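Okay, structure first, notes after.
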Amino acid sequence: MAKALFANQRESNRSSTIALVEEVLGELGYPAVESRITDPTATHAWQITKGSATARITLADRAEFTHVRVCATVMTLDAKVDRMALFSHLLDLNAGIAGAAFATAGDHVLLVAERSTIDLDRSEVMHLIQHITASADDHDDVLVARFGGSLGAS
């Protein structure tokens, strides 16, 4: 019986989070229907662009609860990029960027924020999306100019 209650709570939370994300996307000028994408790693996903940065908002099942993740591809690395210098710089940037972190996935530099959907409210969803998209768009041109590579996902 307790397991069924937990499953219902999870599904109710997921449904309300989907509605919340889509409401915020609409307020930011990204129609939810047009922003929806398929992502095999997520239960639900949306993709938006701000400037030269592309961001994905995904809902992922985690052991304890569903999480919302906002991840923007900042740049794509090529063979000419001094990765050690770039990675050192990204670690320095991580020390000063609140609530997010630079990361890598293959040849892509990402800016990521994630949190549980427990007690998630509209202002937090708005902040996550605005913070990641604006920060990625602010950093991408500067990083590519300094270290090489290309903007976004190539």
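Accessible surface computed residue by residue for the chain, with neighbouring protein chains in place and a 1.4 Å probe, gives 52 Å² per residue. In terms of the mean number of neighbouring beta-carbon atoms within 10 Å, the peptides 39-49, 131-141 order highest first as 131-141, 39-49.
DSSP loop trypsin sites (Lys or Arg not before Pro) in segment 1-92 with at most 15 other Cβ atoms within 10 Å of their Cβ, which ones? Qualifying residues, ordered by number: 62, 80. Say a paramagnetic label sat at a point 7 Å from the Cα of residue 85, along Cα to Cβ; which residues of segment 123-143 have their backbone N under 20 Å from it? Under cut-off, by backbone N: 139-143. Entry note: the chain has Rg to Rh equal to 1.02, where both radii use alpha-carbon atoms and Rh is the Kirkwood radius.
Counting only C-alpha contacts under 8 Å and six or more residues apart, can you give the relative contact order of segment 7-79 as a whole percent? It rounds to 19 percent for segment 7-79. Taking the convex hull of the alpha carbon positions in segment 90-154 and averaging its projected area over all directions gives 5.0 nm². Its relative contact order, with pairs defined as Cα atoms under 8 Å and 6+ residues apart, puts the chain at 26 percent. Given R0 = 22 Å, the distance between the Cβ atoms of residue 49 and residue 11 translates into a calculated FRET efficiency of 0.10. For segment 46-126, the normalised intensity computed at q = 0.13, 0.21 Å⁻¹ comes to -0.48, -1.07 (log10 of I(q)/I(0), Debye sum over alpha carbons, equal scatterers, no solvent).
Rounded to the nearest 20, the size of the Cβ-charge dipole of the chain about its Cα centre is 320 debye, with Lys and Arg at +1 and Asp and Glu at -1. Shown for the chain are the DSSP H helices of 30 Å or more along their axis, judged by Cα atoms, with a mean Kyte-Doolittle hydropathy of at least -0.5: 2-27, 122-147.
The phi-based Karplus calculation (6.51 cos²θ - 1.76 cosθ + 1.60; θ = phi - 60°) puts the 3J(HN,Hα) values of segment 29-39 at x, 10, x, 4, 4, 6, 8, 5, 9, 9, 9 Hz, whole numbers, x for Gly and Pro.
Report the paramagnetic label zone for residue 78: residues of segment 120-154 whose backbone N is under 15 Å from a point 7 Å from Cα along the Cα-to-Cβ axis. Hits in segment 120-154 for residue 78 at 15 Å: 144-154.
The values are calculated or read from the model by the stated rules, or taken from the named source; none is laboratory data. Since the model is a prediction, treat every value here as computed from it, not as a measurement. As a convention, Cβ positions derive from the backbone with ideal geometry for all residues, glycine included, and neighbour counts pool all protein chains shown. These area figures cover heavy atoms from the full protein model, side chains too; ligands, DNA and RNA do not enter into them. Shrake-Rupley method; radii C 1.70, N 1.55, O 1.52, S 1.80 Å.
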